[in-house]
Amino acid sequence: MTSLAQESVEQNTASRPDRRLAERYSRQILFRGIGEAGQQKLAAARVGIIGCGATGSAIAGLLARAGVGTLRIIDRDYVEPSNLQRQSLFDEADAAESLPKAIAAARKIAAFNSEIAVEPKVDDLVPSNIEALLEGLDLILDGTDNFETRYLLNDYAVSISRPWIYSAAVGSYAVTLNVLPGQTACLACIFPDSPRGMVETCETSGILNSAVNLVASIAATEAKKYLVGASGLRTTLLSFDLWTNEHAEISAAEPRPSCRACGEHNFVHLAGEGRPHITLCGRNSVQIHERQRPIDFHELDRRLKPHGVVRHNDFVLKFWHEPYEMTLFPDGRAIIKGTTDTAVARSLYARYVGS
Ligand SMILES: [Zn+2]
């Protein structure tokens, strides 16, 4: 009797967390393609999201609510008021604080799903840190806004046979591709060089939040399919213009034998040769990431006070010196707003932070 009663108590204790999870994800478990086994696979999965702007926010939100066990969110930027129209993980308080997007995203996700792990990384993904930033992931999703990072990610993913999902949205247009190295075409198979039509950016063409959500929904669904081991992942480059209703699919079912990346294993972007240390990063701003230069925010705050308005928290220091606005991160990286002239940005940085 005693041992039976004990056993049943132990069983109850053991199954309590499972039951809570079953309740939280009950509507998703009911869906035939996922089921209980699929839910457990999602819980065990480790997914990276590179870039947490509009698309990255939407993808991260969907995968976090779906119960993907570990999300690593990598983003170099901070929240601004103009992000709030489409970047669904952020609010006005994040913008007022200029919180790094990765940190703000982790906080927001913790508020609606504290049972998954989020690993925020405030960093610019470059050849020298890509291995460290992306190690140990099952799948990587693209939430970036530029082809430089996408080609770097493609080279890395192909070189270690890690699947990734390309997503982009600009204007009312959305496009996405699943890359399963060795099985399907990679990004460089389809676009050996940056595609011309896609060089428009959100800064020049604007963007509809609904185009973002469309591409994020498709990518997040393909991610779930991959993670639960479902068959029938899409093997096309899919594009959709929500405003005109034009849509198209180009076959990406086979790798291109002469592809630089997956055919010839020539990973030029991973080698990072000739990569500039100062880059334009949209919205009339320049990013400086020349070297690791740990910064003491208290000390710099004191030094900069006589030259303009300074404000800092644990994550960023902002310095306004008309007409420029400099945002510094603890590792010495800076985003200087108010110019697209890299020489001006470099001299401001040298003058106020150090050369
Ligand atoms: Zn390829």
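What to note about this one:
- The amide H of residue 186, built 1.01 Å from its N in the peptide plane, has 256 as neighbours under 5 Å, considering only residues 5 or more places off or on other chains.
- Label-to-label distance for residue 347 and residue 107 is 3.7 nm, based on points extended 7 Å past Cα in the beta-carbon direction.
- Relative contact order computed over the chain (Cα-Cα under 8 Å; 6+ residues apart), in percent: 13
- The chain: C-alpha gyration tensor shape, a/c 1.5 cut-off, then a/b vs b/c: oblate
- Cα lying deepest toward the dipole's positive end in region 121-236, options 184, 133, 228, charges on Cβ: 228
- Across region 48-59, coupling constants 3J(HN,Hα) worked out from phi with the 6.51/-1.76/1.60 Karplus curve, θ = phi - 60°, read x, 10, 9, x, 10, x, 5, 5, x, 4, 5, 5 Hz, and Gly and Pro carry x.
- Heavy-atom accessible area per residue - the chain, 1.4 Å, Å²: 48
- Solvent-accessible surface (1.4 Å probe) assigned to residue 176 amounts to roughly 0 Å².
- Taking the Cα centre of the chain as origin and assigning +1 to Lys and Arg Cβ atoms and -1 to Asp and Glu Cβ atoms, the resulting dipole is close to 320 debye.
- Efficiency of FRET between residue 194 and residue 65 - r from beta-carbon atoms, R0 41 angstrom, step 0.05: 0.80
- With the simple model of a label 7 Å out from the Cα in the direction of the Cβ, residue 30 to residue 256 spans 4.6 nm.
- Dividing the helix sum by the residues of the chain, where each DSSP H run of 4 or more adds -39500 (n - 2.57), gives a mean residue ellipticity at 222 nm of -11500 deg cm²/dmol.
- Whole-Hz ³J(HN,Hα) from phi, Karplus 6.51 cos²θ - 1.76 cosθ + 1.60, for region 119-125, glycine and proline x: 10, x, 10, 8, 7, 9, 6
- Rolling a 1.4 Å probe over the protein heavy atoms of the chain, with every protein chain left in place, gives an accessible area that is 52 percent carbon and sulfur.
- In this structure, the amide hydrogen of residue 236, modeled 1.01 Å from its nitrogen in the peptide plane, lies closer than 5 angstrom to those of 178, 252, counting only residues at least 5 positions away or on a different chain.
The values are calculated or read from the model by the stated rules, or taken from the named source; none is laboratory data. Predicted, not measured: the structure shown is a model, and the values here were computed from it. Positions of Cβ are backbone-derived with ideal geometry, glycine not excepted, and every protein chain shown enters the neighbour counts. When the accessible area is computed, the model is the full protein with side chains, heavy atoms only, and any ligands, DNA or RNA have been set aside. Shrake-Rupley method; radii C 1.70, N 1.55, O 1.52, S 1.80 Å.
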